[in-house]
Each structure stands twice: as C-alpha cells, then as structure tokens.
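Structure, as structure tokens:
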Amino acid sequence: MVFPMIPGPVPLRRAAVILLHAMAFVAALAGSFLLRFDGVVDSYFWRTALLALPVFVVTKLAVFIVLRQHTGWWKYASFADLQSLVRATLIAAGACAVACFALDIRTLPRSIFPLDAILTVTLLGGTRFSLRYLRESVLHQGQPESGVLRTLVIGTGTVAEGLLRDVRRGAVRTLDIVGVIDLDPRHKGSLINGYAVSGGLADLARISQETGAQQAIIALDVGSKDVVRRVIDACNSIDLTHRVLPATDDLVHGTVTISHLREVSLQDILGRSPVRLDSAQLERLFTSNVVLVTGAGGSIGSELCRQVARFGPSQIIMLEQAENPLFHLERELRASHPDIALEPVVADIGDALRLEQVCLHFRPRVVLHAAAHKHVPLMEKNPWEAIKNNILGTHNLIRAAQAASVDVVVLISTDKAVNPTSVMGATKRVSEMLMQSLSATSQTRLTAVRFGNVLGSNGSVIPIFKEQIAAGGPITVTHPDMKRYFMTIPEASQLVLQAATFAEGGDVFVLDMGEPVLIVDVARDLIRLSGLEPDRDIKIDFSGIRPGEKLFEELSTAGEGTAPTPHARIFRFSQQPPDDKVVLEAIRLLESCAATDQPASHIRATLFAILDALERNAPISELAAAARGRTLTPSKPRAALP
C-alpha cells in the first residue's frame with residue numbers, strides 16, 4: 001500500500017513503505033517474545049530472537065512484495081485490504097516456520113509464529129486505517145467549500161452506503177451531508193458510515209428545515225415504482241430539489257461511478273429492476289465472433305451494438321439503410337471500443353442480393369435482426385411497405401444467413417404481433433411464423449424475441465410527450481384506459497442477447513415486461529418530472545384510438561404454451577408452426593400483393609386473410625382462395641412513384 005504522505009517519485013515512496021514494513025516486522029517479533037514470556041525475556045531467548053530476526057524480516061518482506069502489499073493506497077484502506085493483509089501474513093508465517101526449520105533454529109518457541117502474525121496484522125492494519133481515519137476525519141474537517149450543497153441522503157442500502165463512503169473519504173467534494181433518511185423510521189439513530197439516520201420519510205419536512213438542506217439525493221437500492229414515487233412526492237411537497245444515484249447494477253458493470261448524480265427519470269418511477277445476465281453464456285456466443293446487426297441505426301439496433309461490444313466480438317457489422325444514424329453510431333463505438341473492428345454497411349434488407357453478398361463476405365456467427373417498419377398508424381396507410389420491409393426483408397435475411405452458414409438469427413418482434421389488429425403487428429406475426437416454419441429444415445437456428453414498448457425509442461410516446469411538454473402542452477393521449485408494457489432500451493437489448501444464447505431453432509421468446517402501465521399515468525409522471533402540475537400547467541387531451549391500435553397489448557396468444565428458460569425474465573412460447581410450404585406460398589402471395597397497384601385497404605385485408613389462414617394452418621388452396629377473395633381483380637403492377 002502506498003503511503004500517501006511520503007513525497008517524491010513512486011519508487012522512492014515504495015522503498016519507504018518497504019522500510020516501514022521491515023520496522024513493523026521487527027516490532028512484531030520483539031512484541032511476540034514479550035507476550036510469550038509475560039514481559040520478562042531472559043538473555044537466552046533474546047539471542048534466539050536476534051538469530052531469527054533476519055529470517056523473519058527477509059522472508060516476510062519477500063512474501064509481502066510478491067503479494068504486492070507495498071502497493072496501493074493506504075488512504076483508501078478497506079475491509080478488502082484487511083483481508084489481503086491477513087492472507088499475506090498467514091502465508092508469511094508459514095514461510096517463516098519453514099525457513100526456521102530449514103535453518104535449524106530449534107530454540108524458537110512455536111507460539112511465536114501465531115503471536116507474530118497477530119501483531120503484524122495489528123501493527124500494519126492499525127497504521128493503514130489510522131491514516132485513512134486521519135485523512136477522512138481530520139484533514140477534511142472544517143467549513144464546506146463554496147458551491148457545496150447541504151444534502152440529505154434518502155436510503156440506507158448499498159447505493160447510499162457507497163455514496164456516504166465516497167463523501168467521507170473525499171472522493172465527492174460537492175456534497176455536505178447534513179442528514180440521512182431511512183424509509184423505515186425504526187432505524188432512527190443508527191449509524192451508516194459514521195452518519196446518523198435522522199428519521200423516516202414522514203420526518204423529511206422537519207429534518208429539511210432543521211438542517212437547512214438544499215437538496216435530497218435518492219439513493220435507494222432497486223425499489224418498487226410506488227416507493228420511488230412516494231419519495232419524489234415527499235420531496236415535491238416541500239419544494240426540495242432531488243436527484244437520484246445510478247442503480248447498483250450500473251455501478252457493478254462500471255458504466256457509471258458513485259459520484260454520477262442525475263435528475264430523476266421516468267425509468268426510476270416505473271421501477272424496472274436491473275437485468276442480471278449470464279456473462280459466461282454471452283461470452284461463448286459473442287466474444288471473438290463476428291456479429292451482424294440489421295437496423296443498426298435505430299434505437300434498438302444501436303443499443304444492441306453497444307451491448308454486443310461489451311463482450312468483445314472480433315467484428316460488428318452494422319447494417320442500416322439510413323446513413324446519418326449509421327455515421328454517428330460508428331463514431332461513438334470507435335471512440336468507446338477502439339479495439340473492436342467495426343464495419344458500417346449501408347444496405348436495404350429489401351435487396352436480397354446485397355444481403356447475401358454481405359453475409360457471404362463477413363461470415364457472421366450471429367445475426368440480430370432489428371430492421372423493421374414499426375410506426376403503427378403510418379403502416380396502416382402504407383401496408384405494402386410494411387410487407388416488403390418486415391416480411392420480405394426478413395425472408396431475404398434468412399436466406400442470406402443460411403447461405404453463409406450463420407449459427408443463429410434473432411428476429412426482434414413485438415407484443416403487437418399477438419392477436420394483431422394493425423398492419424405492423426400482422427407483418428411481425430407472419431415474420432415469426434416464417435422463422436418458426438423454416439427452422440425445421442435449417443442448419444441456422446432461427447428465433448424471435450417479443451417485447452413491448454421501450455422508453456425513449458424512436459417514435460415511442462415518451463419523446464412525443466416531452467416535445468409536447470416543451471411546447472407548453474397539451475399532451476395528447478389516445479384513451480384514458482390505454483395500457484402498455486414498458487422497459488428500457490438497455491434492458492430490452494440485454495435480454496435479447498441473453499435469449500439468443502437459449503435459441504434452439506423455431507423459438508419465440510417473450511421478455512418479462514412487468515406490469516402494464518396506463519399511458520395517461522406516464523404522461524402525468526413526465527409532467528411532474530418537468531416541474532409542472534398535470535391539468536394545471538399542462539393539459540391532457542384524449543384524441544381517441546387510432547387505426548390499428550388496441551387498448552391493451554398481450555404478450556402471448558391462447559394457443560401458445562409457456563415454458564421457463566434459465567433466465568427468470570425470459571420465457572419460451574411453443575406453438576406448432578404451419579407447414580413451411582404453406583408459409584412460403586403465403587410469402588409469394590404477399591409479395592405479389594405488395595407489387596400491385598391496390599388500395600391500402602385491400603392490401604391490408606389480404607394480409608389479414610392470409611394471416612388468418614396461416615394461424616389455422618390451412619392448406620395452400622384455402623390460402624390462395626383467401627388471398628383472391630380479399631384482392632381486387634384484375635390487378636396491375638403499381639406505377640413507380642415520381
């Protein structure tokens with residue numbers, strides 16, 4: 001451990017620390033003899049001590065240097081450092097015993113070895129922790145610096161303890177902790193890192209006034225949305241500025257540090273718990289392998305690239321038809337992961353030849369298929385584009401992946417594919433069935449992962465609500481009873497990667513979305529997070545359900561059986577897919593339909609008729625009849641747009 005108060009270059013300081021260790025070893029051996037003989041040591045045993053002294057000092061120094069006990073920072077001494085010191089001391093004691101036996105120092109009492117070890121830990125441990133105490137309790141005492149805020153910490157768990165530890169050791173210099181609030185008032189008076197718990201949440205107003213607090217930091221371990229909302233409401237009721245600490249999971253993965261405070265977000269209120277991943281399985285699938293992500297410029301696709309990069313792939317192929325988001329994603333990943341080979345590919349999944357060229361050239365092991373048209377009202381007006389991109393594009397990708405012997409293809413699907421009422425949902429359901437039916441004869445494992453809405457994704461309600469709030473309102477909500485599942489973009493992306501490790505072929509996985517949330521409640525929470533009051537500062541208007549929308553999205557159909565997976569938040573649905581020949585004929589009919597100059601309503605009707613036949617596993621003859629019955633005849637090719 002480096003002695004922080006010794007000036008000069010690092011080698012000089014470490015030499016001084018080694019000298020300090022040697023002095024401690026001398027004192028420990030002398031003290032052990034005094035303890036062994038009750039303070040009265042005759043000359044015979046003093047001569048034994050002098051004979052053994054160089055053996056003890058040299059042997060213990062050698063062990064401590066090998067175990068790097070002379071490096072580090074004593075001013076940050078911790079319980080882990082104490083464990084390391086004890087381990088080094090025990091090893092050194094054993095080495096000393098062997099050395100003394102080898103050198104035939106037989107007059108040395110055996111009790112000296114444990115006594116010497118105890119004194120060594122006491123002397124060195126005491127020195128290290130005394131320096132930390134001196135630094136934290138003496139050198140940093142006094143009046144707070146200018147700009148430092150008087151702060152209340154709400155919470156006493158792991159996150160709060162980490163913050164208080166950082167403040168006490170001086171790593172966070174912008175906070176003056178004036179009180180700690182525990183949600184359980186029975187803990188009042190308890191100490192956490194030297195700070196006393198001032199009371200419960202009901203005492204917040206009194207404690208804030210008595211301490212002159214200028215802000216509160218919400219430092220809760222993962223809590224329910226009701227608990228977080230209750231804390232926020234308590235702070236708002238007394239106009240106390242509040243910020244939140246990162247989740248414990250973020251701290252573990254190193255994505256943030258304990259000193260990173262941020263404003264309270266909708267994610268905190270929704271109460272989504274951190275995702276726990278099986279890193280070993282993910283490393284086996286992604287580490288040192290080539291990964292292709294389609295739709296890489298989108299909110300989900302770009303996050304998939306970021307999450308994959310954490311596991312050290314040999315190369316990430318980022319396929320996207322829009323050049324601007326692809327350009328920015330490449331710059332971001334090159335800055336954050338300079339050791340990973342990145343290949344930005346501008347391509348359209350509707351171009352089958354281009355997809356095959358990309359797959360055969362780069363030979364990815366894993367393909368994450370996030371490219372899709374997903375805006376529900378927009379696809380109701382443009383069903384031919386939804387069919388071409390979501391269904392035919394998926395078919396193109398499957399064929400290209402099979403030609404390149406890809407190991408696994410993962411289709412990003414949606415809860416809107418369950419009992420679909422929208423064109424977007426119907427195209428995703430057909431894509432799932434395509435994956436399932438073709439997997440029976442495919443060496444490439446084909447799988448799909450369903451999840452609901454993600455917070456902050458492109459086109460989701462959250463950015464729209466924020467824009468409406470910034471404009472002064474009103475916020476537009478379709479229906480007061482409309483509910484949706486929500487999860488964060490990183491959470492969804494991480495679970496998609498984990499589901500990929502479970503793929504056997506023909507799977508449809510669904511992610512645990514928690515409890516559905518009323519959209520109007522999301523709108524109200526966002527208004528409050530903006531420092532405004534719903535229905536007073538920002539009005540909420542109800543516009544009515546749009547074409548293709550449902551009040552509530554399911555995650556599974558009645559005919560799907562649910563099976564657990566090794567991950568508690570991922571489930572596998574099993575349903576007998578239609579025959580692959582039937583599905584391929586359906587694809588051919590849809591391709592023909594999308595290439596004709598038919599009104600959107602007729603193309604939409606054809607899509608749902610074909611989907612209904614597929615769900616019933618109808619024969620090809622009935623499939624064709626369903627398509628003919630919903631399509632204008634005669635049809636003509638659609639003219640090119642100007």
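The values are calculated or read from the model by the stated rules, or taken from the named source; none is laboratory data. Since we're looking at a predicted model, the values are computed, not measured. In this analysis, Cβ positions are derived from the backbone assuming ideal geometry, glycine residues included, and neighbour counts consider all displayed protein chains.
How many of the residues making up region 291-333 are free of Cβ contacts under 8 Å to residues at least 60 places away in the same chain and of a type in the set (Lys, Arg)? Total meeting the criteria: 2. Checking the structure you have, find out if any residue of region 394-410 is acidic (Asp, Glu) and either surrounded by 21 or more Cβ atoms within 10 Å (Cβ to Cβ) or within 20 Å of ALA322 (Cα to Cα) (or both). The answer is no; no qualifying residue exists. Within region 369-379, can one find any residue that is in a strand (DSSP E or B), surrounded by 18 or more Cβ atoms within 10 Å (Cβ to Cβ), in contact (Cβ under 8 Å) with a residue 24 or more places away in the chain and under 23 Å from the mean Cα position of the chain (by Cα)? Yes, some residue in region 369-379 is in a strand (DSSP E or B), surrounded by 18 or more Cβ atoms within 10 Å (Cβ to Cβ), in contact (Cβ under 8 Å) with a residue 24 or more places away in the chain and under 23 Å from the mean Cα position of the chain (by Cα). Looking across region 285-335 at every residue that is among the basic types (Lys, Arg) and outside any loop (DSSP other than H, G, I, E, B), the one that is surrounded by the most Cβ atoms within 10 Å (Cβ to Cβ) is identified as ARG306. With respect to the stated conditions, GLU356 fails to be in contact with a Leu (Cβ under 9 Å, 6 or more places away or on another chain) and either part of a helix (DSSP H, G or I) or in the same structural domain as VAL291 (by TED's automatic domain parsing) (or both).
Every condition in (1) assigned to a strand (DSSP E or B); (2) modelled with pLDDT under 75 holds for LEU152 except the one numbered (2).
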